[in-house]
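In what follows, a structure is listed as structure tokens, so that the remarks can point back to it.
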Amino acid sequence: MRRAANVLSVLGLAAWLGWIVGGASIPLTLSPASATTNVVANCTVTDGDTVRCSGERIRLLGIDTPELPGHCRIGRRCAPGDPYTSTQSLEDALVGAIHIHRVGKDHYGRTLATLSSDKGDLSCWQLQHGQAIYKAKWDDGGLVQRTCPDAAS
């Protein structure tokens, strides 16, 4: 019995290492088992891919939007487009009950999540309205790809 448990532990560790070495892209603190979905309130748009709800900074999963002036770091290839139009688009979609599915935190301490409103998934909204580009390496678990496969391609 003990030997079987040891074998299973070694196999589990090997699978985990294979997944990591295989190039999995995970945020700083992704924990699918502890991912939560609930309703958030008092939400305001910071820019085309970031929202603040009751003081919590939330970064939309799987997308990148144009940066506001002065926010595109030197050497970074930022998303093309008008940052003000992208921000307004997200504001237009932030209506009704806002549901959040948290999946982790990024290196800035923001919550990584999908948000949905009466308009649908907000990452998909931004993609469908031409206000964001899809970033597969930022789509942990492929949540955005599964939600709106036509827009996330």
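The values are calculated or read from the model by the stated rules, or taken from the named source; none is laboratory data. The structure presented is a predicted model; accordingly, all values stated were derived computationally and were not measured. Note that each Cβ is placed from the backbone with ideal geometry, even for glycine, and that neighbours are counted across all protein chains shown. With ligands, DNA and RNA removed, areas are computed over all heavy atoms of the protein, side chains included. Shrake-Rupley method; radii C 1.70, N 1.55, O 1.52, S 1.80 Å.
Observations
- The residues of segment 118-133 that are of a type in the set (A, V, I, L, M, F, W, C) and either open to solvent by less than 50 Å² (accessible area, probe 1.4 Å) or without any contact (Cβ under 8 Å) to a residue 24 or more places away in the chain (or both), listed by number, are L122, C124, W125, L127, A132.
- The set of residues from segment 123-144 being assigned to a helix (DSSP H, G or I), touching a strand residue (DSSP E or B) at 6+ places or on another chain (Cβ under 8 Å) and among the aliphatic types (A, V, I, L, M) comprises L127, L143, V144.
- Residue in segment 59-81 that is out of contact with any Lys or Arg (no Cβ under 6 Å at 6 or more places or on another chain), among the hydroxyl-bearing types (S, T, Y) and under 15 Å from S116 (Cβ atoms) present: no
- Lone qualifier among L115, L68 - being assigned to a loop (DSSP other than H, G, I, E, B), touching a helix residue (DSSP H, G or I) at 6+ places or on another chain (Cβ under 6 Å) and either surrounded by fewer than 19 Cβ atoms within 10 Å (Cβ to Cβ) or modelled with pLDDT of 95 or more (or both): L68
- Under the condition of being assigned to a loop (DSSP other than H, G, I, E, B) and in contact with a Leu (Cβ under 6 Å, 6 or more places away or on another chain), the residues counted in segment 40-62 number 3.
- Condition met for R102 (open to solvent by 60 Å² or more (accessible area, probe 1.4 Å) and basic (K, R)): no
- Selection within segment 108-123 - over 14 Å from T50 (Cα atoms) and out of contact with any Gly (no Cβ under 7 Å at 6 or more places or on another chain): K119, G120
- Exactly one residue among T50, T85, T29, T46 is modelled with pLDDT of 95 or more, out of contact with any His (no Cβ under 6 Å at 6 or more places or on another chain), open to solvent by 60 Å² or more (accessible area, probe 1.4 Å) and within 23 Å of K137 (Cβ to Cβ), and that residue is T46.
- R146, sole failed condition from (1) in contact (Cβ under 8 Å) with a residue 12 or more places away in the chain; (2) open to solvent by 40 Å² or more (accessible area, probe 1.4 Å); (3) not acidic (D, E): (1)
- Among the residues of segment 87-106, the ones that are of a type in the set (G, A, S) and within 16 Å of the chain's Cα centre (by Cα) come to 1 in all.
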